[in-house]
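In what follows, a single structure is set out as structure tokens and then discussed.
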Amino acid sequence: MILQKQQQLQWLEEMDRRQALTADEKKDLNYRQIESLGKILRDLIPNDWLLFQDIRLKMLSGEIQLDAVLFNGLGLTVFEAKNYTADYDYSNGQWKVNGRVKYHNDFQQLDRSVGLLSQELRRNGFNLPIHKYVVYINEDDTVEIDDLTLP
């Protein structure tokens, strides 16, 4: 049975929420999320900016995977893409997704990756400003943040 791309993505997202994906299906879901972000960014950025997607780096301090990195005259911008259909809520220092506590913090994941990338760049003589964003790209998402301290 062949599903349309959007239906396949929806199926992968639902199975991921149920923690029922194989390792290969998780890779496919991650790729589809990154692909969606890339399409959006390419339509917005000037032609002389460079966009790299799904970067995997092995460094002395660990391995990281970056969904998208934008290179321009201002430095680097790192994006962590999330493409789930969900209601996100952050309050009292805790994330909830569809009313349930979310144990994996998307912002901490991005902070770790950017921190390791920054260390590695400095170690190699590069001191670039790095901006970072978690992007919830699904048009059906809602994100409620009730905490002014969250970046």
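The values are calculated or read from the model by the stated rules, or taken from the named source; none is laboratory data. As the structure is a prediction and not an experimental result, all values here were calculated from the model. Here the Cβ positions follow ideal geometry from the backbone for every residue, glycine too, while neighbour counts run over all protein chains shown. SASA here: full protein model, heavy atoms, side chains in, ligands and nucleic acids out. Shrake-Rupley method; radii C 1.70, N 1.55, O 1.52, S 1.80 Å.
Some points to look at:
- Mean residue ellipticity at 222 nm, helices only, the chain: -12000 deg cm²/dmol; runs of at least 4 DSSP H residues each add -39,500 (n - 2.57), and the sum is divided by the number of residues.
- TRP49 long-range amide H proximity, modeled H, under 5 Å: none
- Here's how it looks for VAL134: its modeled amide H is under 5 Å from those of GLU80, which are all 5 or more places away or on a different chain.
- In order along the range 136-144, phi translates into HN-Hα couplings of 8, 9, 6, 5, 9, 6, 10, 10, 10 Hz, rounded to whole numbers, per the Karplus curve 6.51 cos²θ - 1.76 cosθ + 1.60 with θ = phi - 60° and x for Gly and Pro.
- Note on ASP87 and LEU57: the model spin-label points, each 7 Å out from Cα along the C-beta direction, lie 3.8 nm apart.
- For the range 71-86, 3J(HN,Hα) per residue [Karplus equation, 6.51 cos²θ - 1.76 cosθ + 1.60, θ = phi - 60°, Hz, x = Gly/Pro]: 9, 8, x, 8, x, 10, 10, 10, 10, 10, 8, 10, 10, 9, 8, 7
- Relative contact order of the chain: 21 percent, from C-alpha pairs under 8 Å at least 6 residues apart in sequence.
- Build a GNM of the chain with springs between Cα atoms under 10 Å apart, and of GLN94, GLN53, GLN109 the one that fluctuates most is GLN94.
- Build a GNM of the chain with springs between Cα atoms under 10 Å apart, and of LYS58, LYS26, LYS102 the one that fluctuates most is LYS58.
- Average projected area [Cα convex hull, the range 6-132], square nanometres: 9.4 nm²
- Selection from LEU117, HIS104, HIS131 lying farthest towards where the dipole of the range 93-151 points positive, charges on Cβ: LEU117
- Using a probe of 1.4 angstrom and keeping all protein chains present, the accessible surface of the chain works out to 66 square angstrom per residue.
- Pairwise FRET efficiency - GLN65 versus ASP24, Cβ, R0 = 25 Å, nearest 0.05: 0.95
- The GluC sites (Glu not before Pro) of the range 89-151 that DSSP puts in a loop, and whose beta carbon has at most 12 other beta carbons within 10 Å, are GLU139.
- Expected-Rg normalisation [2.2 N^0.38 Å, Cα atoms] applied to the range 3-65: 1.38
- Heavy-atom accessible surface of the chain: percent carbon and sulfur, 1.4 Å: 51 percent
- When you restrict to C-alpha pairs under 8 Å that are six or more residues apart and normalise by the size of the range 65-146, the relative contact order lands at 43 percent.
- Whole-number Å³ per residue for the convex hull built on Cα positions in the range 48-110: 135 Å³
- Longest DSSP-loop-exposure-free segment, chymotrypsin sites (Phe, Trp or Tyr not before Pro), the chain, at most 15 other Cβ within 10 Å: 50-102
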